[in-house]
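These notes are about the structure you will find just below.
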Amino acid sequence: MENVKIDETRQVSPVNTLFLVLGMQIGISILSFQRVAAQNSGYDNWVSVALMGLSTLGVMWIVLRLLHNEESYGQPELFSMQKRFFGRWIGTLLNIYVMSYQFSVIVIFMRGYIEIIQVWIFPRLGTLSFAAIFSIIIWYTVMGGFRAITGTFFLSFVYLVPLHLLNILAIGNAHFSNLLPMFEHSIGDLAQTFMKMGPCFIGFETILYFYPFIKRPQQAGKWCYFGLLTTTALYLTLSLVATVNFSPGELKTEVWPALSFWKSIHFPLVDRLEYIGIVYWLCVLIPNVSLGAWIVSRGIKISIPLIRQKYALVFVMLMITLSCALIRDRQQFDWISHWIANIGLFCMYVYIPFLLFWQWLLKKKGAKKD
Amino acid sequence: MFWYKKKNQSMKEEQSAAPKTIQELFLQLKDNPDFSHYQHDQGSFQCWISFFNSLVNLESVHRDVLPFLYDSQIHSFSDVQERIPVEKVSHASDLYTIQSKLMEGCIVVQEKESSLNCLIVPTVSREGRQIEKPEIETSVIGPKEAFVEAIDTNISLLRKRIPIPQFTVEQFRIGKISNTRVCLAYIKGIASEENVNTARQRLQNLEIDHLIDASTLSQLISDNARSPFPQFIDTERPDRTIAGLFEGKITALVDGSPSALILPTSLIEFFLAFDDYFIVWHFATFYRLMRLFAVAFSVFSSALYVAVLTYHYQLIPTDLLGSLITSRSVVPFSPVAEALVLEIMIELLREAGARLPTKVGQTIGIVGGIVLGTASVQAGLTSNVLLIIVAMSALAAFTTPNYRMGTTIRFLRFPFILAASLWGLLGIALCFTFFVCHLLRLSSLGRPYIEPIFPLRVTDLKDSFVRFPYSLQSERPMLLRPEDTGRFNKKRVQKKKGKPSNDIDE
């Protein structure tokens with residue numbers, strides 16, 4: 001495996017990991033997770049949300065540990081790591097598996113966004129044509145390299161600040177009694193919600209891929225944890241806003257509670273705020289999908305060194321466009337996203353700790369040989 | 001257009017036309033009425049004198065050169081060199097040097113007509129415009145000098161304000177035919193060596209036949225020539241150039257161009273008027289923010305009108321929607337056609353105003369603004385609301401202090417309007433995302449283009465959207481990676497001001 005150092009002009013400063021982690025975690029599910037969360041544990045869902053958020057800190061610790069240890073052996077990123085751990089063939093197989101996972105995450109994200117546009121703004125919009133336009137913009141961004149992608153993440157963070165501040169407006173017609181009585185749901189219910197919250201919090205593990213692109217990576221750790229805490233705070237606020245604004249029965253029928261909440265806000269010049277919110281969400285979509293496409297194309301480049309990343313990227317974008325068009329209805333979409341969420345959870349809580357264990361085993365073995 | 005695509009071929013052409021011997025050169029030049037070439041055979045020293053009347057300073061020739069050749073004491077070349085009271089008289093024996101010196105305005109003295117051994121007496125005339133007030137970047141307060149076309153005058157304007165030996169000027173010759181003098185000026189010890197090297201490299205790599213203006217040069221050496229965004233500032237103000245030099249920037253001056261290029265530059269600097277530095281920081285910040293708001297308004301307003309009226313009329317409160325619809329009820333066109341027609345009309349007015357002489361230009365403004373505007377509303381061709389929006393966005397675009405950036409801003413409206421007519425608000429967002437991605441990818445002399453925003457550098461934010469008081473700006477911009485980062489010692493400044501005492505009055 002080549003052990004090339006990434007050129008410093010292509011690296012980003014450690015602060016940016018905050019925006020990267022936060023940006024990857026905020027996805028399309030932030031608009032709809034409240035319904036899912038309320039299904040099993042009703043108004044107590046915020047407990048699960050908080051627990052999930054805290055558990056991600058633990059996983060992040062494992063991820064950072066893994067990457068830090070790997071620095072002395074080879075390129076500290078997942079593709080090279082898997083090749084080193086499990087040999088060339090199994091490593092490549094695992095790489096393909098990881099790439100296809102990342103690929104489906106992007107497709108689900110993009111398809112989910114197109115679905116929202118189709119439901120709320122343009123009902124007769126063609127999925128294929130629109131996915132193609134998105135893909136062109138994303139291709140253009142990824143061609144700018146990792147720095148440009150990080151830039152879109154940072155800007156999306158800046159843009160989203162006013163949108164999140166809107167939650168303050170919820171206080172006006174909030175029913176805080178909706179939260180009471182607290183802790184009425186069983187641990188089983190909460191655990192089920194915990195499992196279902198997976199897709200919201202997944203995304204921060206992408207640091208496994210871009211770690212070598214961070215300057216002074218030992219300083220990035222604290223920013224990663226800050227990012228995770230911010231996300232947790234954000235999800236907590238949103239779940240509380242949904243709980244105090246909608247009755248439990250209402251919440252179970254709302255597909256996109258966040259959009260319905262925005263719909264209830266009126267400004268003198270803007271009557272339907274959710275239109276702006278949806279359009280605004282493009283600035284979350286672009287960085288997320290860009291980073292995903294970057295990861296997959298880089299994976300192809302590392303697995304088959306003959307292919308250059310820019311050609312791999314064209315292929316990836318074409319496949320994304322086609323896959324988006326292939327998902328026809330809500331049932332297929334739900335089925336796929338359900339599976340992806342489960343695989344993601346498995347990766348986070350089982351596979352990554354296993355990798356750390358395996359790394360430790362290899363180190364022991366190496367020490368014995370010497 | 002400027003570039004020689006077939007390099008070898010053009011070189012061949014050049015060689016065939018070029019004179020081989022000095023006699024051929026003079027034969028070629030003899031037909032020109034402004035060329036003097038004669039034998040001087042009075043006195044004890046005989047020689048051939050040749051020069052261009054139109055290029056030399058005739059007064060100095062008659063006063064400082066010719067009378068001394070009549071001196072009976074002169075017998076040889078070295079005597080001439082000693083006696084003539086002109087600095088830098090030199091020898092030359094290479095045809096190319098002789099030719100170029102002759103073309104620059106030097107007098108060439110030969111012993112025999114065919115001899116290559118020549119004496120070059122520099123008597124270059126300095127004809128040119130006087131230093132005047134800046135015309136494009138005018139300011140109410142502050143210095144009133146502007147660059148002129150002569151590069152030496154421009155350099156002297158700079159050097160007067162930086163009286164230190166570290167101020168370095170490097171000269172380049174650019175253009176295969178025009179041989180234009182281009183100077184890179186920077187302050188050693190402040191400007192980053194890396195930036196200077198990049199700039200030098202870009203100038204040396206240029207392949208072009210002629211260079212007329214600094215704006216041409218800026219397009220030629222910019223990082224991405226296909227981008228609509230200008231990547232270097234061109235200014236006609238020496239004070240602004242100096243401010244850049246003190247920050248660690250580099251200036252490129254082109255002979256014959258009344259503007260200097262400042263490199264590298266970030267996007268935000270195009271929206272800073274230099275007046276901002278002459279007024280107190282509160283007002284400077286206020287006007288700066290207003291200007292940035294104007295830019296946003298100018299780009300988005302017409303597009304939003306089109307998007308809202310074509311697709312998202314639900315977005316507007318019912319009361320407002322009523323008046324919008326009454327204003328549009330008589331208009332037979334779709335919002336996008338209406339907006340495009342008005343926008344193009346405004347662009348036409350601007351173009352006509354720029355092409356016409358000043359006196360006629362004012363009339364155009366009145367005709368366009370008042371007559372066409374009201375008439376088109378009365379004729380039912382456009383709605384009142386759109387007229388207001390378009391006029392205001394045109395006005396807003398003109399607040400951009402840099403002319404070239406202003407052009408870009410006005411151009412940007414059209415893709416936004418088209419996108420809005422295709423996909424409404426989503427189209428505007430898509431278009432915006434695309435341009436943001438484009439800006440993220442741009443660089444200026446290898447430095448990130450939208451720098452204080454991304455990569456986020458908090459110290460540079462002090463002079464971007466807001467202008468902090470000078471006492472708080474103790475560091476030079478990080479964008480340039482200056483060798484010497486501190487402008488002044490922060491602690492000493494605080495001490496001099498006197499620390500505020502602990503009580504109200506003591």
**Asked** Using a simple spin-label model with points 7 Å from Cα along the Cα→Cβ vector, what separation in nm is obtained for B:His282 and B:His210?
**Response** 5.5
**Request:** Hand me the trypsin sites (Lys or Arg not before Pro) from the range A:123-217 located in a DSSP loop with no more than 15 other Cβ atoms within 10 Å, in residue order please.
**Result:** A:Arg124, A:Lys215
**Prompt:** Taking K and R as +1 and D and E as -1, what net charge do the other residues with C-beta under 15 Å from the C-beta of B:Ile84 add up to?
**Reply:** -2
**Item:** Heavy-atom accessible surface that B and A bury in contact, both chains counted, 1.4 Å, Å² to 100
**Value:** 2700
**Request:** Over chain B, calculate the relative contact order: mean separation of alpha carbon pairs under 8 Å at least 6 apart, over the residue count, as a percent.
**Result:** 13
**Asked** In what sequence, largest accessible area first, do B:Lys490, B:Lys249 appear using a 1.4 Å probe?
**Response** B:Lys490, B:Lys249
**Message:** Taking the Cα centroid of the range B:279-344 and of the range B:76-148, what is the distance between the two, rounded to the nearest whole Å?
**Reply:** 57
**Message:** Over chain A, what is the relative contact order in percent, taking alpha-carbon pairs closer than 8 angstrom and at least six residues apart?
**Reply:** 39
**Asked** Thinking of the range B:363-506 as a set of Cα atoms, what percent of all their pairs are more than 18 Å apart?
**Response** 75
**Message:** Among A:248-261, B:160-173, how do they line up by average Cβ neighbours within 10 Å per residue, starting with the highest?
**Reply:** A:248-261, B:160-173
**Item:** Relative packing of peptides A:98-111, A:197-210, A:322-335 - highest average C-beta neighbours within 10 Å first
**Value:** A:197-210, A:98-111, A:322-335
**Item:** Computed Kirkwood radius, in angstrom, where 1/r is averaged over Cα pairs of the range A:246-343
**Value:** 16.9
**Complete:** Treating every alpha carbon of the range B:401-483 as one equal point scatterer without solvent, the Debye formula yields log10 I(q)/I(0) values at q = 0.18, 0.23 Å⁻¹ of -0.93, -1.13
**Positive dipole terminus of the protein assembly as shown, leading residue within B:His210, A:Phe354, B:Ser50 (C-beta point charges)** = A:Phe354
**Average beta-carbon neighbours from other chains, 10 Å sphere, peptide B:153-159** = 0
**Item:** Crossing angle, helix B:384-397 versus chain B [Cα axis fit, 0-90 degrees, rounded to tens]
**Value:** 30
**Asked** Over all Cα pairs of chain A, how is the pair count split among 10 Å bins, expressed in % and running from 0 up to the last occupied bin?
**Response** 5, 24, 33, 25, 11, 3, 0, 0
**Message:** Buried by at least 10 Å² relative to the chain on its own: which residues of the range A:136-163 qualify, computing accessible area with a 1.4 Å probe on protein heavy atoms?
**Reply:** A:Ile137, A:Tyr140, A:Thr141, A:Met143, A:Gly144, A:Arg147, A:Ala148, A:Gly151, A:Thr152, A:Phe154, A:Leu155, A:Tyr159
**Request:** May I have the extent of the alpha carbons of the range A:200-309 along their three principal axes, as whole Å values ordered from largest to smallest?
**Result:** 54, 30, 30
**Directionally averaged projected area (convex hull, Cα atoms, the range A:54-186), nm²** = 14.1
**Message:** No solvent, one uniform scatterer per C-alpha: report log10 I(q)/I(0) for the range A:177-221 via the Debye equation at q = 0.26 1/Å, two decimals.
**Reply:** -0.97
**Request:** Restricting things to alpha carbons, tell me how big the range B:80-162 is in terms of Rg and Dmax, in Å.
**Result:** 18.8, 61
**Prompt:** If you look at just the Cα atoms of the range B:306-425, how large are its Rg and its Dmax in Å?
**Reply:** 15.4, 48
**Item:** Gain upon complete extension [A:Leu306, A:Asn173; 0.36 nm per residue less C-alpha separation]
**Value:** 41.9 nm
**Message:** Suppose we take every Cα in the range A:313-370 and form the convex hull; what volume per residue is that in Å³?
**Reply:** 105
**Cα gyration tensor of the range A:39-78 - equivalent ellipsoid semi-axes, whole Å, descending** = 35, 8, 4
**Request:** Tally up the carbon and sulfur contribution to the accessible surface of the range B:33-189 as a whole percent, 1.4 Å probe, everything protein left in place.
**Result:** 50
**Asked** What is the distance, in nm, between label points placed 7 Å from the Cα along the Cα-to-Cβ direction at A:Leu93 and at B:Ser78?
**Response** 9.2
**Message:** Taking just the alpha-carbon atoms of the range A:289-348, what radius of gyration and Dmax come out, in angstrom?
**Reply:** 13.9, 39
**1.4 Å probe accessible area per residue over the protein assembly as shown, in Å²** = 48
**Item:** Extension gain from B:Ser178 to B:Leu418, taking 0.36 nm per residue of separation minus the Cα-Cα distance
**Value:** 82.1 nm
**Prompt:** Taking every residue in A:59-70, how many Cβ atoms of other protein chains lie within 10 Å of its Cβ, on average?
**Reply:** 0
**Message:** Once you compute Rg and the Kirkwood Rh from C-alpha atoms, what is the Rg to Rh ratio for the protein assembly as shown?
**Reply:** 1.06
**Asked** Over all distinct Cα pairs, what is the inverse of the mean 1/r for chain B, reported as the Kirkwood hydrodynamic radius in Å?
**Response** 27.4
**Request:** Give the Rg/Rh ratio for the range B:251-314, taking Rg as the radius of gyration of the Cα atoms and Rh as the Kirkwood radius, to two decimals.
**Result:** 1.20
**Request:** Work out how much length B:Lys491 to B:Gln362 would gain on full extension: take 0.36 nm times their residue separation and subtract the Cα-Cα distance, in nm to one decimal.
**Result:** 41.1 nm
**Request:** Indicate the helices, whole DSSP H runs only, in chain A that combine a mean Kyte-Doolittle hydropathy of 0.5 or more with a Cα extent along their long axis of 27 angstrom or more.
**Result:** A:45-70, A:78-120, A:146-165, A:220-245, A:282-303
**Asked** Any idea how far the Cα center of the range A:1-79 sits from the one of the range A:242-282, in Å?
**Response** 27
**Asked** Roughly how tilted is helix B:318-328, in degrees to the nearest 10 and between 0 and 90, from the longest Cα axis of chain B?
**Response** 60
**Prompt:** Out of every Cα-Cα pair in the range B:211-283, what percent are more than 15 Å apart?
**Reply:** 56
**Charge tally in the Cβ shell below 14 Å around A:Gln39, where Lys, Arg are +1 and Asp, Glu are -1, A:Gln39 excluded** = -2
**Prompt:** Equivalent-ellipsoid semi-axes (√(5λ), Cα gyration tensor) for the range B:129-214, whole Å, largest first?
**Reply:** 25, 20, 12
**Prompt:** Counting only residues 5 or more places away or on other chains, whose amide H sits under 5 Å from the amide H of B:Phe333 once H atoms are built in the peptide plane?
**Reply:** none
**Item:** Rg to Rh, two decimals, where the range A:73-112 supplies the alpha carbon set and Rh follows Kirkwood
**Value:** 1.14
**Label-to-label distance, nm, for residues given as A:Ala233 and B:Gln378 (7 Å Cα→Cβ offset)** = 6.0
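The values are calculated or read from the model by the stated rules, or taken from the named source; none is laboratory data. Computed from a prediction, not measured in an experiment: that's the story for all the values here. Using ideal geometry, Cβ is built from the backbone for each residue, glycine included, and neighbour counts are taken over all protein chains shown. Side chains are part of the model used for accessible areas, which takes the heavy atoms of the whole protein and leaves out ligands, DNA and RNA. Shrake-Rupley method; radii C 1.70, N 1.55, O 1.52, S 1.80 Å.
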